[in-house]
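Q: Okay, here's the structure, questions in a sec.
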Amino acid sequence: MFENLQERLGKTLKNISGRGRLTEDNIKDTLREVRMAFLEADVALPVVREFVKQVKERAVGVEVTKSLSPGQVFIKIVREELEKAMGEANEELSLNAQPPVVMVAGLQGAGKTTSVAKLAKFLKERKKKSVLVVSADVYRPAAIKQLETLATEVDVDFFPSDISQKPVDIANAAISHAKKKFIDVVLVDTAGRLHVDSNMMDEIKDLHKAINPIETLFVVDAMTGQDAANTAKAFDEALPLTGVILTKTDGDARGGAALSIRHITGKPIKFMGVGERTDALEPFHPDRIASRILGMGDVLSLIEEVEMKVDKEQAAKVAEKVFKGAGFTLDDFADQLKQMKNMGGMMSMLDKLPGMSNLPDAVKGQMGDKTFIQMEAIISSMTKKERARPEIIKGSRKKRIAAGSGTQVQEINKLLKQFTQMQKMMKKMKGKGGMTKMMRGMKGMLPPGMMGGGGPKF
């Protein structure tokens, strides 16, 4: 989402970071560029004005002039003001009720029903809560069916409803059921509309009054930029929102919504949707997002993702196998690819590492989801014997595998080369200083330039 903003700010701040002295003139030039970068990212004008004003006041003050590295202090100020604009810290869901009821609202097409399912999965897996979901959308039978299907997928309870019922009756019946079954959290999905209208507002006000939810979350599409913040504000004027879920942040959104919502609505962004999968929901941490915007990475989120999504038992089996000298096979390689895919692919992981914004576009293309899907298809087209002993894969076998996976023979050669390099790297782990040797070995596995130009070096 922040790729263009990151690139523009990166160039601008790089020019000032090495300055031994900051003057009002060079601060003025830099802030003009920052303002342009924000406007291009579709950040709301009042937010841009306030941000630039705050940075300027702090930058020309004592804070910078007394520092030994004014350029670096300037970047620190920009980072802190970015955090402040987005809310400074993550605000968790409040669940102090019996049972806590969370009402989810939003316009049609924002990803509201999917977000309810993602939130249910998040509460079940990360917060260890039992969850009941219910749809009070009596205008779209497909919405009720969609939620039922998603509830089954994420393995949470679904309370049935149909279009002949009133939304208030549906929600009250679901809450009553949750109390009897001692369910921890009730998520109520409400009807979406194409725009904010008075009928919709009256209905949702009545529903809110009847069920008195502890959290009222508004789902907005990040692709709509600063309009997302304006829609949330219009909604908040009719209904007391407690937070926002920002969806489709993995798309072509320019970042304007994330930077505008807090300032315009006064409400925190609590979560952001980072993909279509039901586990693609992350708590919104302003400090981590500010780091990503400035190209400093988000290692904490990466660690959390690894903790949550990597199959530790499978990883331990592979490690034990390698240390015993049993070797690393193409089946193990395929498992590693699946684990990376579960984490959103290589680019999703690399985006969270410092300096990775400097990667050339050609390198990014080689690390995309398409490459991983292709590699999986190639391995799937091999026989069990070929996966165990890749050295037997010669001319005719390569042609057969290429035909079966819809690829070219040169792609088969490329994958086998990468696999051989990974095998060598795994062998190096057995000796003294194994991890350091392995990290050096990674340079050979990655595309040219991957370990240069600001990326980590070993």
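The values are calculated or read from the model by the stated rules, or taken from the named source; none is laboratory data. Please read all numbers here as calculations on a predicted model, not as lab measurements. In this analysis, Cβ positions are derived from the backbone assuming ideal geometry, glycine residues included, and neighbour counts consider all displayed protein chains.
Q: So, of the residues in segment 378-418 that are among the small types (Gly, Ala, Ser) and buried (at least 16 other Cβ atoms within 10 Å of the Cβ), which turns out to be nearest to Phe328 (Cα to Cα)? Reasoning before the result, please.
A: Just the residues of segment 378-418 that are among the small types (Gly, Ala, Ser), to begin with: 380-381, 388, 395-396, 402-406.
If we keep only those that are buried (at least 16 other Cβ atoms within 10 Å of the Cβ) too, we end up with 381, 402, 405.
On the way: Ser381: 19, Ala402: 23, Ser405: 22 Å.
By that ranking, first place goes to Ser381.
Q: Moving on to the next point. Can you pull out the residues in segment 71-124 that are surrounded by fewer than 20 Cβ atoms within 10 Å (Cβ to Cβ), small (Gly, Ala, Ser) and over 20 Å from Asp189 (Cα atoms)?
A: Answer for segment 71-124, where residues must be surrounded by fewer than 20 Cβ atoms within 10 Å (Cβ to Cβ), small (Gly, Ala, Ser) and over 20 Å from Asp189 (Cα atoms): just Ala89.
Q: Any idea which of (1) in contact with a Phe, Trp or Tyr (Cβ under 7 Å, 6 or more places away or on another chain); (2) part of a helix (DSSP H, G or I) is the one Lys124 doesn't satisfy?
A: (1)
Q: Can I ask one more? Would you be able to say whether some residue in segment 316-331 is among the hydroxyl-bearing types (Ser, Thr, Tyr), assigned by TED's automatic domain parsing to the domain that holds Ala110, surrounded by 14 or more Cβ atoms within 10 Å (Cβ to Cβ) and at pLDDT 75 or above?
A: Restricting attention to segment 316-331, the residues satisfying the condition of being among the hydroxyl-bearing types (Ser, Thr, Tyr) are 329.
Of the ones still in play, those that are also assigned by TED's automatic domain parsing to the domain that holds Ala110 are none.
No, because not a single residue in segment 316-331 is among the hydroxyl-bearing types (Ser, Thr, Tyr), assigned by TED's automatic domain parsing to the domain that holds Ala110, surrounded by 14 or more Cβ atoms within 10 Å (Cβ to Cβ) and at pLDDT 75 or above.
Q: I'd like the full set of residues that are surrounded by fewer than 23 Cβ atoms within 10 Å (Cβ to Cβ) and within 15 Å of Val102 (Cβ to Cβ), limited to segment 127-153.
A: Lys127, Lys129, Ser130
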